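To keep things clear, I will list the structure first and then write my remarks on it.
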Amino acid sequence: DICHAHFGNIGRKWSFVDDLPDQGPLVTTVYGMDVSGLVHPGRYRWYEPLWSKCSLAIGTSQYIRAQMITLGCPEERSIRHPIGIDIDAFEFDPTAFACEEPLRIASVARYVEQKGLKYGIEAVAKCRERGLDVEFRVAGEGELRPDLELQIRDLGVEDSVHLIGWQTQEEVRELLGDAHLFMLPSLTAYDGNTEGQALVL
């Protein structure tokens with residue numbers, strides 16, 4: 001009934017389906033990389049084949065939808081629809097901080113440039129230099145793990161910064177429930193890639 005493409009670049013590849021006989025409408029969900037890292041001067045009209053064929057374009061945040069419209073998506077055929085999770089599974093339960101214990105900071109993020117984890121690690125190292133007892137645990141995986149591990153060793157914070165890898169939803173709940181602070185130092189990556197929604201938020 002519907003062809004639903006996830007990521008704008010996939011929708012662009014699928015734009016031909018609108019011309020197939022007896023084919024339902026093409027719907028495309030746009031995330032982040034597809035309207036940031038993949039789009040740059042000289043490619044601002046790159047999505048024209050998609051916009052002309054797509055019955056509905058969905059942006060995962062208001063920012064992403066605005067980017068889509070800037071790139072030519074008809075406003076009347078675009079909506080914002082965030083990626084959903086069961087927020088009832090993550091109840092807010094503040095963890096009281098006692099001065100005699102480490103300040104526990106948590107992040108949940110892929111180990112990629114736009115998550116800005118190297119700056120989180122650097123911040124923890126500066127806290128340690130000032131004599132603050134800080135512990136930083138990062139759940140996730142990604143291509144920058146070797147670089148982050150090297151940074152942790154170079155800064156001498158192996159006892160304070162822990163890359164704990166991919167975690168189940170239950171393990172993420174425990175991580176967040178145990179932390180005093182949450183940190184996600186996102187940035188625009190060198191290739192222009194940005195957060196689409198930062199689902200963890």
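Gain in length, Leu201 to Val17, computed as 0.36 nm per residue apart minus the alpha-carbon separation, to one decimal in nm?
62.8 nm
Report Leu176's accessible area, 1.4 Å probe, all protein chains in place, as a number in Å² to the nearest 10.
Accessible surface of Leu176 is approximately 60 Å².
Heavy-atom accessible area per residue, the chain, 1.4 Å probe: how many Å²?
That works out to 58 Å² for each residue.
Give the ranking of Phe92, Phe136, Phe97 by solvent-accessible surface, highest area first, calculated with a 1.4 Å probe.
These residues rank, largest area first, as Phe92, Phe97, Phe136.
Rounded to the nearest 500 deg cm²/dmol, what is the calculated helix-only ellipticity per residue at 222 nm for the chain, with -39500 (n - 2.57) per DSSP H run of length n ≥ 4? Show your work: numbers first, answer last.
Numbers: 6 runs with 55 residues, N = 201.
It comes out at -8000 deg cm²/dmol, rounded to the nearest 500.
Against the longest alpha carbon principal axis of the chain, how many degrees, from 0 to 90 and to the nearest 10, is the axis of helix 169-178 turned?
The angle comes out near 40 degrees.
Relative to the longest principal Cα axis of the chain, at what angle does helix 145-155 sit, 0 to 90 degrees, rounded to 10?
30
For a quick check of understanding: with a 1.4 angstrom probe and all protein chains in place, what accessible area in square angstrom does Lys13 have, to the nearest ten?
Approximately 140 Å² of Lys13 is accessible to the 1.4 Å probe.
Which FRET efficiency value, to the nearest 0.05, is calculated for Lys126 and Glu101 with the Förster distance at 22 angstrom and r the Cβ-Cβ distance?
0.65
Quick one: with all protein chains in place, what share of the accessible area of the stretch 105-201 is carbon or sulfur, to the nearest percent (1.4 Å probe)?
Heavy-atom surface of the stretch 105-201 belonging to carbon and sulfur, 1.4 Å probe: 50 percent.
Given a 10 angstrom Cα cut-off, can you work out which residue in Cys127, Cys73, Cys54 is the most mobile in a GNM of the chain?
Comparing Cys127, Cys73, Cys54 in the GNM, the peak value goes to Cys127.
Indicate the gyration tensor shape class of the stretch 69-156 (rounded, prolate or oblate), computed on the Cα atoms with a ≥ b ≥ c the square roots of the eigenvalues: a/c under 1.5 is rounded; otherwise a/b larger than b/c is prolate and the rest oblate.
Because a/c hits 1.5 or more and a/b fails to exceed b/c, the stretch 69-156 counts as oblate.
With a 1.4 Å probe and all protein chains kept in place, how do Tyr47, Tyr31 rank by accessible area, largest first?
Per-residue accessible area, sorted high to low, gives Tyr31, Tyr47.
Run the numbers on the stretch 123-198 and let me know its relative contact order in percent, using alpha-carbon pairs under 8 Å that are six or more apart.
27
How would you classify the stretch 19-71 from its alpha-carbon gyration tensor, with a ≥ b ≥ c the square roots of the eigenvalues: rounded for a/c under 1.5, else prolate if a/b is greater than b/c, otherwise oblate?
Values: a/c = 2.64, a/b = 1.56, b/c = 1.69.
Oblate, since a/c reaches 1.5 and b/c is not below a/b.
Is the shape of the chain rounded, prolate or oblate, going by the alpha carbon gyration tensor and its root eigenvalues a ≥ b ≥ c, with a/c under 1.5 for rounded and a/b larger than b/c for prolate?
prolate
Using a 1.4 Å probe on the protein heavy atoms only, what accessible surface does His81 show? Give it in Å² to the nearest 10.
Around 110 Å² of this residue is reachable by solvent.
Which longest run of the chain has no exposed loop site in it, a site being GluC sites (Glu not before Pro) in a DSSP loop with at most 10 other beta carbons within 10 Å, and the site itself not part of the run? Present the calculation step by step, with values, prior to reporting the outcome.
Working: sites that count: Glu91, Glu100, Glu143, Glu158.
With GluC sites (Glu not before Pro) excluded where exposed in loops, the chain gives 1-90 as its longest stretch.
For Trp46, Trp51, give the ranking by accessible area with the largest first, probe 1.4 Å.
Putting Trp46, Trp51 in descending order of accessible area: Trp46, Trp51.
Hey, quick one: spin label on Ile85, modelled 7 Å out along Cα-Cβ, who in the stretch 162-190 has an amide N within reach, i.e. under 19 Å?
Inside the label zone: 163-187.
The values are calculated or read from the model by the stated rules, or taken from the named source; none is laboratory data. Remember, it's a predicted structure, so these values are computed and weren't measured experimentally. Cβ: placed from backbone, ideal geometry, glycine included. Neighbour counts: every protein chain shown. Side chains included, ligands, DNA and RNA excluded: accessible areas come from the protein's heavy atoms. Shrake-Rupley method; radii C 1.70, N 1.55, O 1.52, S 1.80 Å.
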